[in-house]
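Below: one structure, written as structure tokens.
The values are calculated or read from the model by the stated rules, or taken from the named source; none is laboratory data. From a predicted model like this one, the values you see are computed outputs, not experimental measurements. With ideal geometry, Cβ positions are generated from the backbone for all residues, glycine too; neighbour counts draw on all protein chains shown.
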Amino acid sequence: MKNLLIYQSSEYDCGPVSVTNAIRYLYEREEIVPHLLKHIWIMGNDTFCEQGQVGKVGTSKASMRYMADWMNAFGQGCKFPIAACFLEMDEAEITPGSTAWKCLEAGGCIVIRCITGDIPHYVLLTRILPGDEIGLFDPYEEEADFEDDPSCRAVEDAPRVMNRAVRYSRLNQTDSADYAMGKPEIREMLLIWRNDRQ
């Protein structure tokens, strides 16, 4: 049985929640091993603010890059069907034919760093939809108001898959619009997929 995707418990844990949601999206609950989840939470929220409070700037790019390496090693060493890849800067784009697009087409999912409310935020991309849209799950629970924004819409009937649909042109924007990945130099994404299916 597939799990429902989950929301943040604090203002800062969008990174580990989105990676956990990737696991919940890809695997049946009976397949998920506790050590995988434990390690995601150990690696996440590794930053600290100017006052020295740990985790209050969320999860770093270095941590996301390490998660990809760790998941590949975990998959090989523990015979768990997982593979991951970290992309950044110019490689981190979501366009037809791109590495990210191929991941989604093959049934994988992607944790991206984007902008919401003018701050960096991690969300999970789950699938390509008709009409140039990408299904995503935003772990920050709040009522969506996209009445004046044709690039985004709320999705209320797919809690195991998505809660938003966003045009991929919006995701690739270089500004600070909601769900835009911003300038290439700050972009990052963690691709995760099952490697036991063709």
Worksheet item: Are any residues in the range 101-120 farther than 16 Å from Met67 by Cβ and at pLDDT 95 or above, and if so, which ones?
Response: Trp101, Lys102, Leu104, Glu105, Ala106, Gly107, Cys114
Worksheet, complete the sentence: A careful count of residues in the range 141-194 that are among the aliphatic types (A, V, I, L, M), within 14 Å of the chain's Cα centre (by Cα) and in a loop (DSSP other than H, G, I, E, B) gives 4
Practice prompt. Tell me, please, whether a residue that is more than 25 Å from Tyr12 (Cβ to Cβ), in contact with a strand residue (DSSP E or B) (Cβ under 9 Å, 6 or more places away or on another chain) and at pLDDT 95 or above can be found in the range 141-153.
Written response: no
Fill in: First in the range 10-32 and of a type in the set (Asp, Glu), second anywhere and surrounded by fewer than 18 Cβ atoms within 10 Å (Cβ to Cβ) and outside any helix (DSSP H, G or I), Cβ under 7 Å, 6 or more apart
Glu28/Met1; Glu28/Lys2
Practice prompt. With the condition kept exactly as written, say whether any residue in the range 152-171 is within 24 Å of Arg65 (Cβ to Cβ) and either surrounded by fewer than 18 Cβ atoms within 10 Å (Cβ to Cβ) or in contact with a Pro (Cβ under 9 Å, 6 or more places away or on another chain) (or both).
Written response: yes
Worksheet, complete the sentence: Residue set Asp132, Asp175; condition surrounded by fewer than 18 Cβ atoms within 10 Å (Cβ to Cβ), under 30 Å from Lys56 (Cβ atoms) and not small (Gly, Ala, Ser); output residue Asp175
Worksheet item: What number of residues within the range 178-194 are on the phi > 0 side of the Ramachandran plot and surrounded by 20 or more Cβ atoms within 10 Å (Cβ to Cβ)?
Response: 1
Discussion item. Can you tell me which condition Arg197 does not meet? The list is (1) surrounded by 14 or more Cβ atoms within 10 Å (Cβ to Cβ); (2) touching a residue at least 60 places away in the same chain (Cβ under 8 Å); (3) assigned to a loop (DSSP other than H, G, I, E, B), and all the others hold.
Written reply: (1)
Discussion item. Please count how many residues of the range 41-91 are closer than 23 Å to Trp193 by Cβ, part of a loop (DSSP other than H, G, I, E, B) and touching a strand residue (DSSP E or B) at 6+ places or on another chain (Cβ under 8 Å).
Written reply: 2
Practice prompt. Could you tell me whether Gly55 is in contact (Cβ under 8 Å) with a residue 12 or more places away in the chain, small (Gly, Ala, Ser) and in contact with a Ser or Thr (Cβ under 8 Å, 6 or more places away or on another chain)?
Written response: yes
Discussion item. Filter the range 92-111 down to the residues that are in contact (Cβ under 8 Å) with a residue 40 or more places away in the chain and either loosely packed, with under 15 Cβ neighbours inside 10 Å or not hydrophobic (A, V, I, L, M, F, W, C) (or both) and list them by number.
Written reply: Glu93, Thr95, Thr99, Ala106, Gly107, Gly108
Practice prompt. Check off (1) surrounded by fewer than 17 Cβ atoms within 10 Å (Cβ to Cβ); (2) in contact with a helix residue (DSSP H, G or I) (Cβ under 7 Å, 6 or more places away or on another chain) for Leu87 and give me the number that stays unchecked.
Written response: (1)
Fill in: Residue list for the range 139-157, restricted to those being free of Cβ contacts under 8 Å to residues at least 24 places away in the same chain and aromatic (Phe, Trp, Tyr)
Phe146
